[in-house]
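Each reported figure results from applying straightforward, stated rules to the coordinates on display, with no laboratory input. Not measured: the values here are computed from a predicted model. No Cβ is skipped: glycine too gets one built from the backbone with ideal geometry, and neighbour counts run over all protein chains shown.
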Ligand code: SF4
C-alpha cells in the first residue's frame, strides 16, 4: 500500500511501545532524579535531550501575542538582561551536555536581532563544532554573509535547522510589529535552499481567526519555494492546560490548542508530498533519524 505522504508528525518517529521506548522512559526518570534542572533564563536544561539557550531576556519587537510579559521578561522596555556567547558557553561547560543534546536557540528574544546576532553566530559556530544538532527560529531575513560564516562548520546534513516563523501575512504590520516583513523573511527560503540547508516554515503561533485567513497565501509560499516541512504551531496561554511548555520550570505557560490548527492542517494536506508537524522538536527528531539512517 502506498504510504500517505501527508501524515501529521510522527511519520518517522512513532513506534509501538517496545523495549526501546520503555528503556527511554526509564532513563528519563533516572535522569530527572540524578541531574539537577538548570533554569537561569539564559539556559533551560531539564533533560539530556534538549537545552534552550537565550543570549538576552527581552525583545525590542512588539508581537501582539508575545508571552514575555507573562513570564517576568519584557518586550516593552530595554533591559540589561543579556549575556555574551562566551559566558553562556562557559555555563554550558559546567553541565552535562553531550553531542546528542539538541540546542534550541530562541524563546525569550529574537536571536537574530542586532543585539543578539553576533552572539547567536558564535554559539552556532561553537555547537556545530561540538556536533550538536541546532535549531533556531527567526522572523528576520537570513543574509548570505551569515550562511557564509557558518556553512563550513556544518558537520553533517540536517545539523543546523532554521525555522522561518510567521503567524500572519496580511496583518503582519499590526500583529508582528517591528519584525521583518513576511516577504523579506520568506526570501530566506531561497537562500537556504541554495545553500542546501533544510527549510522549515514555522506557522506559529496559530492565531484564532487570523492565521487561517492567510492560508492560501501560505500555500503559495510553500509551492513557490517547494517547502516540504511545515510546523502548524500552538499558541501559549497562562491558563492551566494539559501540556506545559518545555522551556520553563514553573507551570506558567501551557499549549493552548486552537480548532483553527486542525483546519489549517487539513487545508495544507491538499499539497502533495509535504510533512506537517505540530512541534518544532518533531521536525528535529525526523532529521536526526534521517541522519542516523544515512550513517
Ligand atoms: S519576536 Fe518573539 S520575543 Fe520578540 S516580541 Fe515577537 S514573540 Fe516576543
Open item on the list: On a full-extension model of 0.36 nm per residue, what is the gain between residue 30 and residue 240, subtracting their alpha-carbon distance, rounded to one decimal in nm?
Closed with: 72.9 nm
Task: Normalised contact order of segment 73-200, rounded percent, pairs of Cα under 8 Å and 6 or more residues apart - done: 22
- [ ] Note down the relative contact order for the chain as a percent, whole number, built from C-alpha pairs under 8 angstrom at least six residues apart.
- [x] 18
- [ ] Treat segment 206-295 as a sphere of radius equal to its Kirkwood radius over Cα pairs and apply Stokes-Einstein at 37 °C in a medium of 0.692 mPa s; give the translational diffusion coefficient in µm²/s, rounded to a whole number.
- [x] 223
- [ ] Using the number of other C-beta atoms within 10 angstrom as an exposure proxy, rank 189, 108 with the fewest first.
- [x] 189, 108
Open item on the list: Can you tell me, using C-alpha contacts under 8 Å and at least 6 residues apart, the relative contact order of segment 17-99 as a whole percent?
Closed with: 21
Task: Stokes-Einstein D (µm²/s) once Rh is taken as the Kirkwood radius of segment 140-286 over alpha-carbon pairs, at 4 °C in 1.567 mPa s - done: 80
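Which whole number of Å³ per residue matches the convex hull of the alpha-carbon atoms in the chain? Mind dumping the intermediate values first?
Values: hull volume 42.4 nm³, N = 295.
In the chain, the Cα convex hull volume per residue is 144 Å³.
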TODO: Could you please rank 200, 161, placing first whichever residue has the fewest other Cβ atoms within 10 Å of its Cβ?
DONE: 161, 200
Task: Neighbour-count ranking [beta-carbon atoms within 10 angstrom, fewest first] of 277, 254 - done: 254, 277
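I'd like the FRET efficiency for residue 257 and residue 196, computed as 1/(1 + (r/R0)^6) with the beta carbon distance as r and R0 of 25 Å, rounded to 0.05.
Computed FRET efficiency for residue 257 and residue 196: 0.15.
Nearest 0.05, what FRET efficiency do residue 270 and residue 208 give at R0 = 25 Å with Cβ-Cβ as r?
0.70
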